[in-house]
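The values are calculated or read from the model by the stated rules, or taken from the named source; none is laboratory data. Please read these numbers as outputs of a predicted model, since none were measured by experiment. Cβ coordinates were reconstructed from backbone atoms using ideal geometry, including for glycine residues, and neighbour counts include every protein chain displayed. For accessibility, only protein heavy atoms count, side chains too; no ligands or nucleic acids. Shrake-Rupley method; radii C 1.70, N 1.55, O 1.52, S 1.80 Å.
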Amino acid sequence: MSAKKKKGQLSLKLGLNDERVPKLFGVLLLFFALYFFIAFTSYLFTWYIDQDRVLRFSWELLLHSDIEMANWLGRLGAIVANFFFYWLFGLPSFIIVYLLVLIGFAVIRRNGIDTYISNLRYGLILMVCLSVFLEFLFNSTGFPWGGAIGEAVNLWLFQFVGTAGRVVLFLAIGFGLVVWRFNPNFDGLTPTQALQEVRNYVEEFIQGRLYRRKPVARDIREEQASLRPGYKAKSAPASSSTAAAPETEEGDATPVVPLPPLTGSQLAFDLAQKSLPNKPTSLTPGSAMLELEAIVPASVPPVDAPPAPRDMDAIHLATEENLDHSEPYDPTLELSSYEHPIIMLLEDYSDQKVEIDREELEANKDQIIETLLHYKIEITKIRATIGPTVTLYEIIPAPGVRISRIKNLEDDIALSLSALGIRIIAPIPGKGTIGIEVPNKKKQMVSMKEVLMSEKFKKAKMDLPIALGKTISNEVFVADLAKMPHLLLAGATGQGKSVGINAILMSLLYKKHPSQVKLVLIDPKKVELFPYAALEHHFLAFLPNQDEPIITDTNKVINTLNSLCIEMDNRYELLKKASVRNIREYNDKFVQRRLNPLKGNRFLPFIVLVIDEFADLIMTAGKEVELPIGRLAQLARAVGIHLIIATQRPSVNIITGVIKANFPARIAYKVTSKVDSRTILDAGGAEQLIGRGDMLLSVGGEMIRLQGAFIDTPEVEKVIDYISKQSGYPEPYFLPEFYGEDETPGRSDLKYSDLDEMFEDAARLIVQNQHGSTSMIQRRMKLGYNRAGRIMDQLEAMGVVGPSEGSKAREVLIYDEVELEKYLVDLRNAR
């Protein structure tokens with residue numbers, strides 16, 4: 001009996017393969033957590049009664065039935081609580097309860113402890129530090145605040161650095177823990193600003209609204225403080241009426257949490273309030289631009305700007321050119337705490353590797369030589385290259401032998417080798433040899449973990465690296481999707497297309513930050529890509545009016561494709577204004593802060609569109625899908641929009657000439673006929689593949705045979721779960737809104753129940769100020785830009801404001817509040 005089989009039988013006897021075992025273990029941990037909590041809580045009130053008996057501990061204390069304890073859990077509870085409080089950590093022992101609950105729920109849910117390693121580490125460090133600190137503060141009392149550990153460390157520290165040294169050390173440790181946990185920004189921080197920051201944190205904590213703050217620029221936080229009552233901007237012009245009005249209106253505003261990305265008009269107002277001196281002549285271009293760059297987040301979307309304040313012309317002249325750049329912009333700072341998935345989430349199939357069968361290699365060599373000699377074809381040399389599933393035999397024919405004669409013997413060689421199907425490459429480009437690919441009898445599985453752990457993938461300096469699998473020479477194959485620039489996958493059902501798409505998506509998730517790439521996922525089958533819906537606030541992009549982040553409805557698909565075309569056109573406008581040719585040059589320029597966010601510039605993430613079953617869309621929508629796909633395929637490469645299309649029907653009416661012309665990179669899995677192979681690759685060979693991830697990649701006129709990396713659905717779900725549990729963006733990445741001809745919003749088809757809950761407040765704000773601006777709604781109502789934009793669209797649809805006029809404010813169509821209230825009453829009654 002093999003060792004592996006014995007191990008399996010042992011696991012079966014012990015019940016380790018039964019999923020009830022970890023669940024019961026988790027319940028046991030939760031029981032201990034509850035038991036410790038009750039014992040510790042009771043100890044706080046009964047320690048002075050039980051301590052004398054417990055300290056003189058003997059086995060009689062447990063076994064003698066006459067001894068009574070005041071602890072709520074009796075003798076055992078008193079012993080356990082005294083052990084942790086007196087002999088270990090003191091009052092911080094309650095953290096052990098939290099850790100037990102954390103591990104217990106992790107075991108019950110079968111999530112894996114790796115996900116909670118950081119929390120466990122923080123808990124243990126905090127417990128030790130608090131133990132030492134509490135013992136330092138209260139060592140003269142009888143209660144064991146820090147336990148024996150805190151007392152021993154304090155005694156050593158007292159002898160080593162003295163009392164003053166301990167105070168300094170505790171302050172340094174506390175400050176270090178805050179920096180390590182929250183990563184605050186100290187750029188240009190003054191003592192006054194530091195006190196203001198502490199006050200802000202205290203106010204927010206008292207109101208129960210303190211949460212992990214994103215590392216934004218210091219001046220944005222000062223901008224929040226300017227909205228609080230009694231705050232005075234240190235350099236606000238005394239005579240500026242435009243700066244005073246918002247302060248008066250916002251005077252009753254409550255303290256706020258970090259604001260969403262600021263709009264151009266809001267930033268312009270703050271600049272006028274905070275950076276203009278009393279004498280405009282003293283304003284220099286360098287100083288103004290430095291202040292501007294400090295308060296502007298880079299992802300500022302274009303908005304309808306309000307009328308400029310009186311001093312705005314001077315500001316724009318002063319900020320025309322940034323001559324003295326600040327630090328480079330980092331797009332990952334908004335999610336600075338994001339951690340890439342760990343490789344341990346993936347399964348290791350190393351135990352399934354197959355040893356090379358030398359006898360099989362020699363037998364195949366001899367059989368190839370013998371078959372060729374039957375047809376009087378002599379060869380001078382033969383060499384074998386072993387791959388995971390296929391072995392390549394390279395032969396050099398004798399002088400005078402025609403290549404076509406060897407090519408015509410494909411079926412004869414396959415018969416003599418008893419192989420599933422062989423593929424002859426005559427000649428191999430750049431080698432001067434003829435290749436005969438023969439499937440191995442014992443095939444090796446290529447795991448995604450093995451591919452992602454390779455140095456080739458780790459060190460890949462590519463915009464969109466995708467790890468597809470291993471080549472015939474057993475080397476990891478990594479390609480750059482940004483240079484392909486679009487990818488077509490086709491093959492018969494069950495040959496590995498869905499696994500291939502998962503491998504591509506996993507490559508991007510493991511390599512890229514959410515700020516660098518966004519995924520638009522279209523899944524007509526509704527079952528292949530649904531796990532990725534959990535990444536809504538991290539990697540996904542979709543329409544604002546869409547219920548589900550994964551697009552399945554055909555009408556939504558059409559709208560999404562047209563929306564991507566609008567996004568493409570908008571990006572080309574940005575590239576044109578920035579005088580660059582592609583997204584890489586644009587982002588480099590933006591990172592170096594050579595582009596002004598006030599003018600609508602923003603950091604552009606790559607967008608990858610994935611369509612899992614393209615044939616179904618063509619059958620149901622036809623030209624409505626094909627036309628935007630054709631546009632994107634022809635034009636979207638330069639602006640960072642890339643397409644991945646998969647289909648199981650590689651016929652000419654599905655893969656049309658427009659698509660083939662603009663998809664130079666194509667992957668063919670096993671197909672049933674040579675005609676299908678020619679439809680995909682413009683060459684034969686795909687019909688000779690052996691399935692289960694065996695593929696041919698055609699890119700740049702070169703054909704490469706690969707064994708695709710295998711990743712199972714549970715692995716995909718683990719990675720997605722790991723990412724989704726981390727904090728994401730407050731709002732998903734929304735594509736530009738697009739409505740079909742039959743669903744354009746208007747008063748006739750937009751119901752009151754469809755309106756945003758803050759629609760009426762926004763309408764009153766617009767009518768009171770007679771100023772239709774998305775930025776004003778965003779700033780005054782403390783809303784995100786996307787939600788404010790949707791409310792503005794609803795105001796337009798309901799006839800409150802007029803259509804957009806570019807950078808100008810919208811016209812307000814209702815002139816007084818009485819008329820508005822009457823209109824809102826009619827609107828509510830009409831629902």
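Set the bar at 20 Å for Cα to Cα. Now go through K431/K670; K456/K483; K556/K660 and name every pair that lies beyond it.
Long pairs (Cα-Cα over 20 Å): K431/K670; K556/K660.
Could you report segment 590-708's accessible area per residue, 1.4 Å probe, as an integer in Å²? Numbers along the way, then the final one.
Numbers: 4230 Å² over 119 residues.
I get 36 Å² per residue for this part.
Which order do the peptides 387-396, 24-33 come out in when sorted by mean C-beta neighbours inside 10 angstrom, highest first?
By packing density, highest mean first, the sequence is 387-396, 24-33.
Suppose every K and R has +1 on its Cβ and every D and E has -1 on its Cβ; what is the size of the dipole of segment 627-708 about the Cα centre, in Debye to the nearest 20?
120
Leaving out ligands, DNA and RNA, what percent of the accessible area of segment 366-425 is carbon and sulfur, probe 1.4 Å? Numbers along the way, then the final one.
Working: 1640 of 3230 Å².
Solvent-exposed carbon and sulfur of segment 366-425 make up 51 percent of the total.
Over its Cα atoms, what ratio of radius of gyration to 2.2 N^0.38 Å does segment 371-436 give? Write down the numbers at each step before the final one.
Details: Rg = 11.4 Å, N = 66, 2.2 N^0.38 = 10.8 Å.
Here the Cα radius of gyration is 1.06 times the empirical estimate.
Set the Förster radius R0 to 56 Å, insert the Cβ-Cβ distance between N769 and K23 as r into 1/(1 + (r/R0)^6), and round the FRET efficiency to 0.05.
0.40
Under a crude label model (7 Å from the Cα following the beta-carbon direction), how far is D756 from E370 in nanometres?
In this crude spin-label approximation the distance works out to 7.9 nm.
Short version: ³J(HN,Hα) in whole Hz for each residue of segment 776-784, in order, from phi by Karplus 6.51 cos²θ - 1.76 cosθ + 1.60 (θ = phi - 60°), x for Gly and Pro, what are they?
Ordered by residue, 3J(HN,Hα) equals 5, 4, 5, 6, 6, 9, 6, 10, x Hz.
Where q = 0.21, 0.27 Å⁻¹, what log10 of I(q)/I(0) comes from the Debye formula for segment 393-470, counting one point per Cα?
Results for segment 393-470 at q = 0.21, 0.27 Å⁻¹ read -0.94, -1.20.
Given labels modelled 7 Å from the Cα in the Cβ direction, how far is it in nm from L171 to D553?
6.2
Average projected area of the Cα convex hull of segment 776-820, in nm²?
3.4
If I stretch the segment between T385 and R358 completely, what's the gain in nm (0.36 nm per residue apart, minus their alpha carbon distance), one decimal?
Going from the current span to full extension adds 8.5 nm.
How many Å³ per residue does the convex hull of the Cα positions in segment 85-175 occupy?
92
Explain nothing, just the number: relative contact order of segment 538-604, from Cα pairs under 8 Å at least 6 residues apart, as a whole percent.
18
On the principal axes of its Cα set, how long, how wide and how thick is segment 617-720? Give whole Å, largest value first.
Result, largest extent first: 38, 34, 30 Å.
Which residues' amide hydrogens lie under 5 Å from the amide hydrogen of D694, considering only partners 5 or more residues apart or on another chain, with H built in the peptide plane?
It is G708, by chain and number.
Can you list residues whose amide H is under 5 Å from F606's amide H, if they're 5+ apart or on another chain and H is modeled 1.01 Å from N?
V517, K518
Are any of the pairs K497/K518; K458/K511; K461/K511; K512/K599; K576/K599; K470/K718 more than 18 Å apart by Cα-Cα distance, and if so, which?
K497/K518; K512/K599; K470/K718
Give, in nm to one decimal, the length gained when the segment between K589 and F158 is fully stretched (0.36 nm per residue of separation minus the Cα-Cα distance).
So the extension gain works out to 149.6 nm.
From Cα coordinates alone, what are the radius of gyration and Dmax values for segment 513-614 in angstrom?
According to the Cα coordinates of segment 513-614, Rg and Dmax are 15.3, 45 Å.
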